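What follows is a set of notes on a single structure, which appears directly below.
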Amino acid sequence: DAAVLRSYSPVTTIGGCIVVDPWPAIRPRRPVDLEKKADIDPGRRLLVFVEAAGSHGLRRSELPVRLGVEPRSVDQLVDSCQGIVDMGDRLVSPAVVSDARDATLTVLQEYHRKRPLELGMPRELARRAVRDALLAEYVHKELTQDGQIALEGQTVRLVQHKPDLRGSQVGAGQRLMQELQSAGKLGRTLAELGQALPDEDIPALIGFLVMQRTATRVGKDRYYDRDNLDRLLQEVLGVVQQVGRASPAQLKEGTGLSRKYLIPLLEWMDAGLLTVRDGDGRALGPKAQTILNSVDRG
């Protein structure tokens, strides 16, 4: 747009100008690429504005004012421009997307290196590598389509990453499993496991074993060897099946567990629909037959 510069008092014409950017950035104070922004071709102006916008990008709704074009011509103008990545409401340069892809892959590689036992990196944490949430989502989707990363629930990982025990962790994992196996139907808490293996990263190791389904967490903080837990569940459900509705006293007698171990186990079984609480007792739940059938097959 053409404009005239005048002084306020006295009113005097100072000169004329062309407005090339109605919404300039606060910094730097002296605008850059003014000649390119003043290009008569709106497509070339668009490329300059998108590049200058960096990772924040340029919103479609801003284009009529920023470029001085009719709103109805925006879509056609965007489609005709080469060198722009269209993220829907946001337009960014290919260099921005490339940098965001590299940053995402780099942060995942580093995360896997430091935490080889974890399935993946929390997605929210991975988004911070890109800073802009919309750009991060676009890049994650693009990398997934390219087969470079995998999105699983709230985690993201490199496709080639597989959680595994490495180096000294192999022996530590074996000792941890031996500790759980020797615990029998009592299981072990994190604190107890930490005392048995004081120099190991117990939360990481036990998390890996749970993910591998060789260990199971029951309640807030007690872990069992999977086979030991299956046998214990069979004992509990066997008592319930025999009496129809088993009281805690009957279950204590049938399993030999004190209330310290029995009550958290029963609450966990209630949550998993293996048992159903009936007053102070327990009846068989809708999923109990799965465990009982495994006893019959055995």
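Does the stretch 235-244 include one or more residues that are of a type in the set (Gly, Ala, Ser), part of a loop (DSSP other than H, G, I, E, B), free of Cβ contacts under 8 Å to residues at least 40 places away in the same chain and surrounded by fewer than 16 Cβ atoms within 10 Å (Cβ to Cβ)? I'd like the intermediate steps shown before the answer.
Restricting attention to the stretch 235-244, the residues satisfying the condition of being of a type in the set (Gly, Ala, Ser) are 238, 244.
Filter once more, so that each one left must be part of a loop (DSSP other than H, G, I, E, B): 244.
The next check asks that each one be free of Cβ contacts under 8 Å to residues at least 40 places away in the same chain; those that pass are 244.
Filter once more, so that each one left must be surrounded by fewer than 16 Cβ atoms within 10 Å (Cβ to Cβ): 244.
The answer is yes; a qualifying residue exists.
Just wondering, is there one or more residues in the stretch 18-27 that are surrounded by 10 or more Cβ atoms within 10 Å (Cβ to Cβ) and basic (Lys, Arg)? Don't jump to the end; show me each part of the working.
The initial filter retains those residues of the stretch 18-27 that are surrounded by 10 or more Cβ atoms within 10 Å (Cβ to Cβ), namely 18-22, 24-25.
With basic (Lys, Arg) added as a condition, the list becomes none.
No: zero hits.
Please state which one of Arg113, Arg131, Arg123 is over 29 Å from Val48 (Cβ atoms) and either small (Gly, Ala, Ser) or modelled with pLDDT under 90 (or both). Even if it seems obvious, please write down each step before you answer.
Numbers: Arg131 fails: over 29 Å from Val48 (Cβ atoms); Arg123 fails: either small (Gly, Ala, Ser) or modelled with pLDDT under 90 (or both).
Checking each option against the conditions leaves just Arg113.
Going through the stretch 1-16 one residue at a time, which ones are of a type outside the set (A, V, I, L, M), farther than 30 Å from Glu70 by Cβ and assigned to a strand (DSSP E or B)? If you could, list the steps in order and put the result at the bottom.
Initially, the stretch 1-16 is screened for residues of a type outside the set (A, V, I, L, M), giving 1, 6-10, 12-13, 15-16.
Keeping just the survivors that are farther than 30 Å from Glu70 by Cβ gives 7-10, 12-13.
Passing the criteria: only Thr13.
When you scan the stretch 27-119 for helices (runs of 4 or more DSSP H) that lie fully inside it, which ones turn up with 1 or more residues that are under 24 Å from the mean Cα position of the chain (by Cα)? Please lay out each step first, then the result.
Numbers: elements: 34-37, 42-53, 63-67, 74-80, 94-114.
Per the criteria, 94-114.
Tell me, please, whether a residue that is within 16 Å of the chain's Cα centre (by Cα), part of a strand (DSSP E or B) and surrounded by fewer than 14 Cβ atoms within 10 Å (Cβ to Cβ) can be found in the stretch 147-160.
Yes, that holds for at least one residue.
Quickly run through the stretch 254-272 and pick out the residues that are open to solvent by 60 Å² or more (accessible area, probe 1.4 Å) and touching a helix residue (DSSP H, G or I) at 6+ places or on another chain (Cβ under 8 Å). Outline the logic, then answer.
Our first condition is that a residue be open to solvent by 60 Å² or more (accessible area, probe 1.4 Å); within the stretch 254-272, this holds for 256, 259-260, 267-268, 271.
Of everything in the stretch 254-272, those that are open to solvent by 60 Å² or more (accessible area, probe 1.4 Å) and touching a helix residue (DSSP H, G or I) at 6+ places or on another chain (Cβ under 8 Å) turn out to be Gly256, Arg259.
Within the stretch 273-284, work out how many residues are under 33 Å from the mean Cα position of the chain (by Cα) and open to solvent by less than 40 Å² (accessible area, probe 1.4 Å). Explain how you work it out, then say what you get.
First, the residues of the stretch 273-284 that are under 33 Å from the mean Cα position of the chain (by Cα): 273-275.
From the residues that got through so far, the ones that are open to solvent by less than 40 Å² (accessible area, probe 1.4 Å) too are 274-275.
Of the residues in that region, 2 qualify.
In a helix (DSSP H, G or I), at pLDDT below 90, open to solvent by 60 Å² or more (accessible area, probe 1.4 Å) and not β-branched (Val, Ile, Thr): is that true of Asp227 in this structure?
On the way: in a helix (DSSP H, G or I): yes; at pLDDT below 90: no; open to solvent by 60 Å² or more (accessible area, probe 1.4 Å): yes; not β-branched (Val, Ile, Thr): yes.
For Asp227, the condition - in a helix (DSSP H, G or I), at pLDDT below 90, open to solvent by 60 Å² or more (accessible area, probe 1.4 Å) and not β-branched (Val, Ile, Thr) - is not met.
Checking the condition surrounded by fewer than 17 Cβ atoms within 10 Å (Cβ to Cβ) and of a type in the set (A, V, I, L, M, F, W, C), which residue from Leu135, Leu47, Leu105 passes?
Going through Leu135, Leu47, Leu105 in turn, the sole match is Leu105.
What pairs can you find where one residue is in the stretch 66-87 and more than 21 Å from Asp1 (Cβ to Cβ), the other is open to solvent by 30 Å² or more (accessible area, probe 1.4 Å) and in a helix (DSSP H, G or I), and their Cβ atoms are less than 7 Å apart, with a gap of 6+ or different chains?
From the stretch 66-87, the pairs are Cys81/Leu47; Gly83/Leu47; Gly83/Pro94; Ile84/Leu47; Val85/Pro94; Met87/Leu134; Met87/Tyr138.
Within the stretch 105-157, which residues are in contact (Cβ under 8 Å) with a residue 24 or more places away in the chain and β-branched (Val, Ile, Thr)? Outline the logic, then answer.
Within the stretch 105-157, the first condition is being in contact (Cβ under 8 Å) with a residue 24 or more places away in the chain, and the residues that meet it are 105, 108-109, 112, 115-124, 126, 129-132, 134-136, 138-140, 142-143, 148-152, 154-157.
Correct list: Val130, Val139, Ile149, Thr155, Val156.
Taking only pairs six or more apart or across chains, which ones have beta-carbon atoms under 9 Å, a first residue in the stretch 193-214 that is farther than 21 Å from Asp230 by Cα and assigned to a loop (DSSP other than H, G, I, E, B), and a second residue that is modelled with pLDDT of 90 or more and open to solvent by 20 Å² or more (accessible area, probe 1.4 Å)?
Leu197/Arg175; Leu197/Glu179; Glu200/Arg175; Glu200/Gly194
Quick check on the stretch 172-189. Is at least one of its residues under 21 Å from Glu110 (Cα atoms), in contact (Cβ under 8 Å) with a residue 24 or more places away in the chain and not in a helix (DSSP H, G or I)? So that I can check it myself, show each step before the final result.
So the first thing to find is which residues in the stretch 172-189 are under 21 Å from Glu110 (Cα atoms), and the list is none.
So far as the stretch 172-189 goes, no, none of its residues is under 21 Å from Glu110 (Cα atoms), in contact (Cβ under 8 Å) with a residue 24 or more places away in the chain and not in a helix (DSSP H, G or I).
Does Val210 satisfy the condition of being open to solvent by 30 Å² or more (accessible area, probe 1.4 Å), within 19 Å of Trp268 (Cβ to Cβ) and among the β-branched types (Val, Ile, Thr)? Before you say what the answer is, go through the steps one by one.
Working: open to solvent by 30 Å² or more (accessible area, probe 1.4 Å): yes; within 19 Å of Trp268 (Cβ to Cβ): yes; among the β-branched types (Val, Ile, Thr): yes.
Taking the combined requirement at face value, the residue satisfies it.
The values are calculated or read from the model by the stated rules, or taken from the named source; none is laboratory data. As the structure is a computational prediction, the values presented were derived from the model and not from experiment. Cβ coordinates were reconstructed from backbone atoms using ideal geometry, including for glycine residues, and neighbour counts include every protein chain displayed. Accessible surface areas use protein heavy atoms only, side chains included; no ligands, DNA or RNA. Shrake-Rupley method; radii C 1.70, N 1.55, O 1.52, S 1.80 Å.
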